[in-house]
Each structure stands twice: as structure tokens, then as C-alpha cells.
Amino acid sequence: MSAAPATNSDAAIVAEGLVKSFGETNAVAGVDLSVARGSVTALLGPNGAGKTTTVRMLTTLLSIDAGSASVAGFDVVGAPGEVRRRIGLTGQFTAIDELLTGRENLEMIGRLARMPKAAAKSRAGELLERFDLAAAADRNASTYSGGMSRRLDLAASLVAEPEILFLDEPTTGLDPRSRLAMWGLIEELVDRGTTVLLTTQYLDEADQLADEVVVIDHGRVIARGTSDELKDDIGGERLELKLKDAARTGAASAELSRGGAEVIGSDESEGTVTAALTRGPLEVADLIKQLDGAGFALDEVVVHRPTLDDVFLSLTGEHVEGGEDEAKEIH
Ligand SMILES: Nc1ncnc2c1ncn2[C@@H]1O[C@H](COP(=O)(O)OP(=O)(O)OP(=O)(O)O)[C@@H](O)[C@H]1O
Ligand SMILES: [Mg+2]
């Protein structure tokens, strides 16, 4: 894997001025992307931002109204077959056949990719093992839990060992444990050299997985950078300490500042003091100890991690619009 910087010639995915409308809806309204080989880019945005539409254009599933895109060096319009041979896609809407077992699903996909029968069989076995599905391999996929279905779906997109993987909201709806397991699997793939474009509504997911984050809203890119750059813009993690005695808010705030903490707010009526967390994982414990040592009793301790909503608030001055749930036309 090359360590060269992301230039266009070295990019696994390039999009320039991508546009797609559905009737009056400008689902994607001019998106530029450049994803370096072997890197991970997260497309971060709320419901209806245009994430899936972008991914569907890049994966040749949807025509492009304007702009251009190439994937693995091939134009998605001019050479869709070459693109398809080099990519895997795990969609928001799974490609798994529920009436088949996990093993049958993977073997069938291998056969559809024209793998010889024996090769398809051994690849299926290997993936089932790797994704912790071996014990459930011969059960119908309809009996799988949410996390198992996602893992099977991811395995399905890897049967043909793609260079480039598109993951559309890989962890939405998963419980925390399955989510961590999925993150681990994605990181493992990236370590082996796979380029990943993933979409997500979660800042922490982009933070965990992505080298670069592209924030989109209403079909447009509204910010891009590393996750650290984004978090710097929005202020990073905060610790909120609620005192038993609200009258001592000011004194507690002064005590924390004296110890070198960066106090970013206090609210006497609530009895809360908020400090920026900038000094690593032990800082929470240090601050609590410091207050405790100075005789301040605490009622509540909350670590606030920035969310997509915080990103939007800092970028646009507005909250993420609540669930854009208008009926979607399905074509
Ligand atoms: N086939 C379609 N017909 C009509 N409108 C569509 C179609 N597909 C998407 N849209 C609209 O385009 C916009 C972008 O949708 P898209 O599915 O790309 O968003 P998204 O970012 O993937 O959202 P979500 O997080 O909910 O998956 C939305 O307003 C959606 O209603
Ligand atoms: Mg989507």
C-alpha cells in the first residue's frame, strides 16, 4: 500500500460535481470527493442528506444527472462493469436472501461472481469463520439477529475480495456490542489495504473509523477534514459536574481553574460546572478527585461527547432537522 498523499491519480474514488435529482428534490447537488487508496472516508450527514444517493451513483446502481466519478481508476458511467468487479457494497437495505442459510447465501454470491464451486465454498467457510457466524452458518438467515445479519451482509460484500468497499450506515440500529464488533471488522479490512467509503449519522463512528470526514446536508458538502479538525471546530468532549450544593458553583469552578482545567461554563441555578476534556482518558477521574479533595460533594457526572447535532449546530447554527420522514417515492 502506498503512503503517498491523496492526489487524484492515487485516489481510489474521485467524484466531481456529482448531481442527482428526483423530481423537485435535489438529493445530491454537487458533491466532490477524493478518497486515497487504503484510506477511510466517512460521509456524515442526517436523514435525507444524500448519502445513499451518492453511494448508489458511485457504485453504478443509479445514473448520474451531472458531474463525473471514477472508482478504482474507472469511470462509473463509461466502464461500470470494471467498477463493479472491484467494489463491494453493504447497503442500508440488505442483499441477503432470508430463505437461504448464511452459508448458502455466501456460496451463491461466489457462484454469481463466477467463482468455481470449490473456491466459492471455501471462501464462504472462511468468511463465516472470520465473522463469527460459523455456528449459525447452516441456519436460515431469517433466524439471525440484527448484528448477525449485518455481519453476513458485510461478509457477502467481501466474497469477491474487493479493493474498495462501500458501507452504507454499517451500524445503524445495532446494539453497542455488535456495533463495536462491526467497527473491529472494518478496521481489520482497512489494515489489509481495503479502501472504504462509509456513510453514517454518527460522529463517533466517523471519529473511530475515518481518516477523513465529509459532512453533507441537503446534497451539499458543508465541511470536510479529519475528525480531529471537526472536533476542534466544535469543541470536543466536555465534562459536566453537578454539585450537591448549587450555591458553591462559583467556588467549584474557581477550584477547577486553579488546578489547570479549562472551565467552559457554569450554571449557578443548576449547580453545574462544565470543563473541556483535552488531557486524555484520566482527566475525568482527576477532575472529580480534585473537587472531592477540596470538599465539594457531587451529585452527577456526565461526559458529553459531541454528536452530529453538535457538528451541525457549530457549522450551520441550526440543529439537525428532526427525522425527515416524508414518504419516499420508491422508483
Ligand atoms: N428513489 C427516490 N425517489 C425520490 N426521492 C428520493 C429517492 N431516493 C432518495 N430520494 C430523496 O433524496 C433525498 C436524499 O436521500 P438519501 O436516501 O440519499 O439520503 P440519506 O442521506 O441516505 O438518508 P438516510 O440517512 O435516511 O438514509 C431525500 O430527500 C430522499 O427523500
Ligand atoms: Mg441512506
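Structure notes:
- Within segment 35-63, the set of residues being more than 14 Å from ligand 2 (Cβ to nearest atom), hydroxyl-bearing (Ser, Thr, Tyr) and either within 16 Å of PRO170 (Cα to Cα) or out of contact with any Ser or Thr (no Cβ under 8 Å at 6 or more places or on another chain) (or both) comprises THR41, THR60, SER63.
- For segment 164-183, taking the residues that are surrounded by fewer than 16 Cβ atoms within 10 Å (Cβ to Cβ) and under 13 Å from the mean Cα position of the chain (by Cα), the one that is nearest to ligand 1 (Cβ to nearest atom) is identified as THR172.
- Only helices (runs of 4 or more DSSP H) whose full extent lies in segment 222-331 are considered here, and the ones with at least 3 residues that are closer than 20 Å to GLU212 by Cα and within 21 Å of the chain's Cα centre (by Cα) are 227-234, 308-316.
- Test for LEU198: is it at pLDDT 90 or above, of a type outside the set (Val, Ile, Thr) and crowded, with 22+ Cβ neighbours inside 10 Å: yes
- Members of segment 203-237 found to be at pLDDT 95 or above and basic (Lys, Arg), listed by number: ARG220
- Neighbours by Cβ (under 6 Å, 6+ apart or cross-chain): first from segment 49-69, more than 13 Å from THR90 (Cα to Cα); second within 9 Å of ligand 2 (Cβ to nearest atom) and of a type in the set (S, T, N, Q): LYS51/THR199
- Qualifying residue in segment 71-82 (condition: assigned by TED's automatic domain parsing to the domain that holds LEU43, within 16 Å of ligand 1 (Cβ to nearest atom) and among the hydrophobic types (A, V, I, L, M, F, W, C)): no
The values are calculated or read from the model by the stated rules, or taken from the named source; none is laboratory data. Keep in mind it's a predicted model, so treat the numbers as computed, not measured. A quick note on method: Cβ atoms are made from the backbone with ideal geometry, for glycine too, and the neighbour counts reach across all protein chains shown.
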